[in-house]
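Colleague: Quick one: this structure, given as structure tokens, is what I'll be asking you about.
The values are calculated or read from the model by the stated rules, or taken from the named source; none is laboratory data. On a predicted model such as this, the values are computed, not experimentally measured, just so you know. Glycine gets a Cβ as well: all are built from the backbone with ideal geometry, and neighbour counts include every protein chain shown. Calculation scope for accessible area: heavy atoms of the full protein, side chains included, ligands and nucleic acids excluded. Shrake-Rupley method; radii C 1.70, N 1.55, O 1.52, S 1.80 Å.
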Amino acid sequence: MLTIGNKTFNSRLLLGTGKYPSFDVQKEAVRVSESEILTFAVRRMNIFEPSQPNFLEQLDLSKYTLLPNTAGAKTAEEAVRIAKLAKASGLCDMIKVEIIGCDQSLLPDPVETLRATEMLLDEGFIVLPYTSDDVVLARRLCEMGVHAIMPGASPIGSGRGILNPLNLSFIIEQSTVPVIIDAGIGSPKDAAYAMELGADGVLLNTAVSEAGDPIKMALAMKLAIEAGRLGYEAGRMPERDYAVASSPTEGLVTI
Amino acid sequence: MKRTIELNGNRYDMPAEVGNVQELLGHLELAERIVIVEMNRDILAKDAYDLPINDRDQIEIIHFVGGG
């Protein structure tokens, strides 16, 4: 079970909702993923085309927890404005703080992220900041009272997987709140690896939406996260430099 | 009395029959949609949709879109 704030979830897969080839594929991908937390962005509506379909409006909202992000914000103040807009929908009180500090790498701005997090906690939000894999920054966010921390595996949408497993494992070890590996997951092995490191969950979007078959990939990610978690809980064998035979060396018969 | 507002960043001439925010949403066929309304940079609670819209008001209609 994954607990964030006052909510508990069976699924450890948080799914983004951007860039799917069609709403039908997306709906089915969301269903098979068994995700309970879905991320969204907040944007100005194209009011002159009101008939445009909207994915969120096609969901049974009683089944999902919405995690809006502050994507598009470059400062803490902009992020707080977006968070308040999202909350005003009456549909959610969680917010993913996402303040980009570099247009090329889309890495988060640590200073603005800290500022926004503090402001949003004061406002009573359930705050999940997207951060880099900086160990000290993660600790500072924890101390502030965030409800989860979400360090990136690698740049958003890059699909490069986990670039710094050591830092992530330090963050996981030190964290007093759930750690959700967010951004950069490319394939099921990355998701399983994140969970084997001891992460509490994985947030991904492009790895599913841009897969050849997003529905099949959604299922693969669900299974990878479950497998990785079970492996972590089971405790892996130690690594050794030399081979150790699995079959007994006693009682060998000569054929 | 002609009223021209800024609606989602565009100049918009208010139809004479539209008086308040709720009526504007109805006119734009957005009354049943999941939207959030900001008026002059203040977020409006749903029970404030009866606020009249005046000349030069700035209105933003926001919604949720796919994102990661």
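Colleague: Only helical DSSP H runs with n ≥ 4 go in: add -39500 (n - 2.57) per run for chain A, normalise by residue count and round the 222 nm mean residue ellipticity to 500 deg cm²/dmol. It would help to have the intermediate numbers written out before the result.
Modeller: Numbers: 8 runs with 91 residues, N = 255.
My calculation for chain A gives -11000 deg cm²/dmol from helical runs alone.
Colleague: Charges on Cβ only, +1 for Lys and Arg, -1 for Asp and Glu, centred on the Cα centroid of the protein assembly as shown; of A:LEU137, B:ALA48, A:VAL253, which one is farthest towards the dipole's positive end?
Modeller: A:VAL253
Colleague: Could you list which residues have their amide H under 5 Å from that of A:ILE4, counting only those 5 or more apart in sequence or on another chain, with H placed in the peptide plane?
Modeller: Placed amide hydrogens put A:PHE9 under 5 Å from A:ILE4.
Colleague: Go through A:LYS84/A:LYS216; A:LYS74/A:LYS189; A:LYS19/A:LYS63; A:LYS63/A:LYS222 and tell me which ones have a Cα-Cα distance over 25 Å in this structure.
Modeller: The pairs that break the limit, which is 25 Å between Cα atoms, are A:LYS84/A:LYS216; A:LYS74/A:LYS189.
Colleague: Show the residues, 5+ positions off or on another chain, whose built amide H is closer than 5 Å to the amide H of A:PHE40.
Modeller: A:LEU67, A:ASN69
Colleague: Amide H of B:ARG3: which non-local residues (sequence gap of 5 or more, or other chain) have their own amide H closer than 5 Å, using H built in the peptide plane?
Modeller: Answer set, sorted by chain and number: B:MET14.
Colleague: Just from its helices, what would the mean residue ellipticity at 222 nm be for chain B, if runs of 4 or more DSSP H residues each count -39500 (n - 2.57) and the sum is divided by every residue, rounded to the nearest 500 deg cm²/dmol?
Modeller: Mean residue ellipticity, 222 nm, calculated: -2500 deg cm²/dmol.
Colleague: What net charge is computed for the residues neighbouring B:GLU29, neighbours being all others with C-beta under 15 Å from the C-beta of B:GLU29, Lys and Arg scored +1, Asp and Glu -1?
Modeller: Net charge around B:GLU29: -4.
Colleague: Could you tell me whether the stretch A:9-89 comes out rounded, prolate or oblate from its Cα gyration tensor? Rule is a ≥ b ≥ c as square roots of the eigenvalues, rounded for a/c under 1.5, then prolate if a/b exceeds b/c, otherwise oblate.
Modeller: In terms of gyration-tensor shape, oblate.
Colleague: Starting from the Cα coordinates of the stretch A:36-188, work out the convex hull volume and express it per residue in Å³. Each step should come with its number before you reach the end.
Modeller: Details: hull volume 20.1 nm³, N = 153.
That works out to 131 Å³ per residue.
Colleague: Sort A:ILE47, B:ILE34 by accessible area with a 1.4 Å probe, largest first.
Modeller: Working: A:ILE47 5, B:ILE34 45 Å².
Putting A:ILE47, B:ILE34 in descending order of accessible area: B:ILE34, A:ILE47.
Colleague: Note the per residue figure in Å³ for the convex hull of the C-alpha positions in the stretch B:4-63. Write out the running numbers ahead of the final one.
Modeller: Numbers: hull volume 4.5 nm³, N = 60.
Taking only Cα atoms, the stretch B:4-63 has a hull volume of 75 Å³ per residue.
Colleague: Which whole-angstrom value gives the distance between the alpha carbon centres of the stretch A:47-126 and the stretch B:1-43?
Modeller: Between the Cα centre of the stretch A:47-126 and that of the stretch B:1-43, the gap is 23 Å.
Colleague: Restricting attention to the alpha-carbon atoms of chain A, what are Rg (one decimal) and Dmax (integer), both in Å?
Modeller: Rg, Dmax (Cα atoms, Å): 19.9, 84.
Colleague: Comparing A:MET195, A:MET119, A:MET217, which has the greatest mean-square fluctuation in the GNM of chain A with Cα pairs linked when under 10 Å apart?
Modeller: A:MET119
Colleague: Next question. Taking only C-alpha pairs under 8 Å that are 6+ residues apart, what is the relative contact order of chain A in percent?
Modeller: In percent, rounded to a whole number, it is 19.
Colleague: Please state the charge dipole magnitude for the stretch A:1-113, taken about the Cα centre, from unit charges on C-beta atoms (+1 on K and R, -1 on D and E), reported in debye and rounded to the nearest 20.
Modeller: 160 debye
Colleague: Just need the relative contact order of chain B here, percent rounded to a whole number, with Cα pairs under 8 Å and 6+ apart.
Modeller: In percent, rounded to a whole number, it is 42.
Colleague: Could you size up the charge dipole of the protein assembly as shown around its Cα centre, putting +1 on the beta carbon of Lys and Arg and -1 on that of Asp and Glu, and report it in debye to the nearest 20?
Modeller: Dipole about the Cα centre, nearest 20: 300 debye.
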